[in-house]
1. Got a sec? Which helices (runs of 4 or more DSSP H) wholly within the stretch 72-156 have at least 1 residues that are of a type in the set (Ser, Thr, Tyr)?
2. Please go through the stretch 29-50 and give me each residue that is part of a loop (DSSP other than H, G, I, E, B), out of contact with any Asp or Glu (no Cβ under 8 Å at 6 or more places or on another chain) and either within 13 Å of Asp125 (Cβ to Cβ) or aromatic (Phe, Trp, Tyr) (or both), ordered by number.
3. Could you list, in sequence order, all residues of the stretch 25-35 that are more than 18 Å from Gly238 (Cβ to Cβ) and hydrophobic (A, V, I, L, M, F, W, C)?
4. Of the residues that make up the stretch 153-160, is at least one within 24 Å of Val212 (Cα to Cα) and surrounded by 21 or more Cβ atoms within 10 Å (Cβ to Cβ)?
5. For the stretch 157-166, name all the residues that are assigned to a helix (DSSP H, G or I) and more than 16 Å from the chain's Cα centre (by Cα).
6. Regarding Ser224, is this residue over 22 Å from Phe26 (Cα atoms), at pLDDT 90 or above and either out of contact with any strand residue (DSSP E or B) (no Cβ under 9 Å at 6 or more places or on another chain) or among the hydrophobic types (A, V, I, L, M, F, W, C) (or both)?
7. Assess whether Leu56 counts as being closer than 23 Å to Val148 by Cβ and out of contact with any Asp or Glu (no Cβ under 6 Å at 6 or more places or on another chain).
8. Please work out which residue is surrounded by the most Cβ atoms within 10 Å (Cβ to Cβ), limiting yourself to the stretch 125-146 and to residues that are in contact with a Lys or Arg (Cβ under 8 Å, 6 or more places away or on another chain) and more than 22 Å from Thr95 (Cβ to Cβ).
Amino acid sequence: MARIIAFANQKGGVGKTTSAINVASFLALGGKHVLVVDIDPQANATQGFGINPRQLERGIYNVLVGQDNIRNTLFQTELEQLHIAPATIALAGATIELVNVAEREYKLDQALQSIQMYYDYIIVDCPPSLDLLTLNGLVAARWIMIPVQCEYYALEGLGQLLATIELVQQNLQSQLQIGGAIVTMFDRRNALSRQVIQEVQQHFPFHVFEAVIPRNVTLAEAPSYGKPIALYEPRSTGGKAYRRLADEIIQRVI
């Protein structure tokens, strides 16, 4: 059965989607069968694999609202062992449409049950909020990875996220575990970046991954070409960092 991992943080711009698609890509290059599920209405993970969400007739929205089977939404990426269940522009309305639906927090979990035996890893890219879509991601997952940006307010809002995770564990998904924090956008020339790493290690109550993701031009360029860093420039400093992170996740998520 697949190991289902959600990448989540309600703060935007922390490298959540970048981490999700690049970890998934290096897992696939390492021989794992991987599915990325994009439940962020911004559809950045979908675009990061070169798919235009505005041109899609169906996506994960149709699955969540009961209009389609998830198998009918899957796309093959450039990587042979990596599929994606894409987001479409309709996904923004899912939160409202699901408000009065029974077991609305379990829709993604129910959808993934029919296909998780075909994958080694399922990576869920959550939106930068603590809304119903994120709850669906957390309920479906067994592990959550939390990207934390190297900036002054890095730990701001993490308390709310951890409280939400605890509520999910107590009421919706008792098997959910925090896999760890991923430090992103690190600049070794910047004293603040080094200070943030120390603060995250001291104050984050769970595991902090040793692989630190640098602020890197190629990481920023790759999505504009519709490619993960593993295909765009795997030997860049960003590519090497995400390869190390993927290796760490393999060791940690058992």
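1. Filter on the stretch 72-156 gives 94-97, 132-140.
2. Matches in the stretch 29-50: Pro41, Gln42, Ala43.
3. Val34, Leu35, listed by residue number.
4. Just the residues of the stretch 153-160 that are within 24 Å of Val212 (Cα to Cα), to begin with: 153-160.
Now narrow it down to the ones that are surrounded by 21 or more Cβ atoms within 10 Å (Cβ to Cβ): 154.
So far as the stretch 153-160 goes, yes, one or more of its residues are within 24 Å of Val212 (Cα to Cα) and surrounded by 21 or more Cβ atoms within 10 Å (Cβ to Cβ).
5. Leu158, Gly159, Gln160, Leu162, Ala163, Thr164, Glu166
6. The answer is no for Ser224.
7. Here the answer is no, as Leu56 does not meet what is asked.
8. Restricting to residues being in contact with a Lys or Arg (Cβ under 8 Å, 6 or more places away or on another chain) and more than 22 Å from Thr95 (Cβ to Cβ), the top hit is Trp143.
The values are calculated or read from the model by the stated rules, or taken from the named source; none is laboratory data. Source: prediction; values computed, not measured. For neighbour counting, all protein chains shown are included, and Cβ atoms are generated from backbone atoms with ideal geometry for every residue, glycine included.
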